[in-house]
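This report concerns only the one structure given below.
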Amino acid sequence: MESYSGALALLLAVVVVVLGLYAAHLSAGLARTPLTSLPYNGGVAPKEYAVSRFHARWYSMTMVFLAFDIEMLFMYPWTLVVAQVGAAAVVEMFVFLVVLVLAVVYAWREGAFRWA
């Protein structure tokens, strides 16, 4: 019996998980009709498919947003160590920011921010 205790514990764990998922499914009261299973939209029927395609201009804006978001990821740890490292850290951050500003100027000149 001792040789099967691990397998029995694993089987018991699987049964408990399956029964828990089944109980959650029953208690959620999922709708079976398409009208009641639509996401809440104030009673208005959706006009387009939820996973519709976006215009290509949104992708360039997304890349610019991600660039500035990643900039913040680099700036937060820098703020924690700038007092220990000193002036070298300040110079490095200004070089980083200059490169980022040059990238924004380039994107602006190439028309990445134009909507028409």
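Of the conditions (1) loosely packed, with under 10 Cβ neighbours inside 10 Å; (2) at pLDDT 85 or above, L97 fails just one. Which one is it? Failing condition for L97: (1).
Filter segment 47-64 down to the residues that are of a type outside the set (D, E, K, R) and not in a helix (DSSP H, G or I), then identify the one that is nearest to F96 (Cα to Cα).
By that ranking, first place goes to A56.
If the condition is being outside any helix (DSSP H, G or I) and among the small types (G, A, S), then segment 87-116 contributes G111, A112, A116.
Per the conditions (1) part of a loop (DSSP other than H, G, I, E, B); (2) at pLDDT 85 or above, the sole criterion not satisfied by Y40 is (2). All of (1) in contact with a Phe, Trp or Tyr (Cβ under 9 Å, 6 or more places away or on another chain); (2) at pLDDT 80 or above; (3) among the small types (G, A, S) hold for A88 with one exception: (1).
Determine if segment 65-82 includes at least one residue that is at pLDDT 85 or above, in a loop (DSSP other than H, G, I, E, B) and not polar (S, T, N, Q). No, segment 65-82 contains no residue that is at pLDDT 85 or above, in a loop (DSSP other than H, G, I, E, B) and not polar (S, T, N, Q). Scanning segment 68-82 for residues that are more than 14 Å from E92 (Cα to Cα) and in contact (Cβ under 8 Å) with a residue 24 or more places away in the chain turns up just one, F68.
The values are calculated or read from the model by the stated rules, or taken from the named source; none is laboratory data. Note that the structure is a prediction, hence the values are computed from the model and not measured. We place every Cβ from the backbone using ideal geometry, glycine too, and count neighbours over all the protein chains shown.
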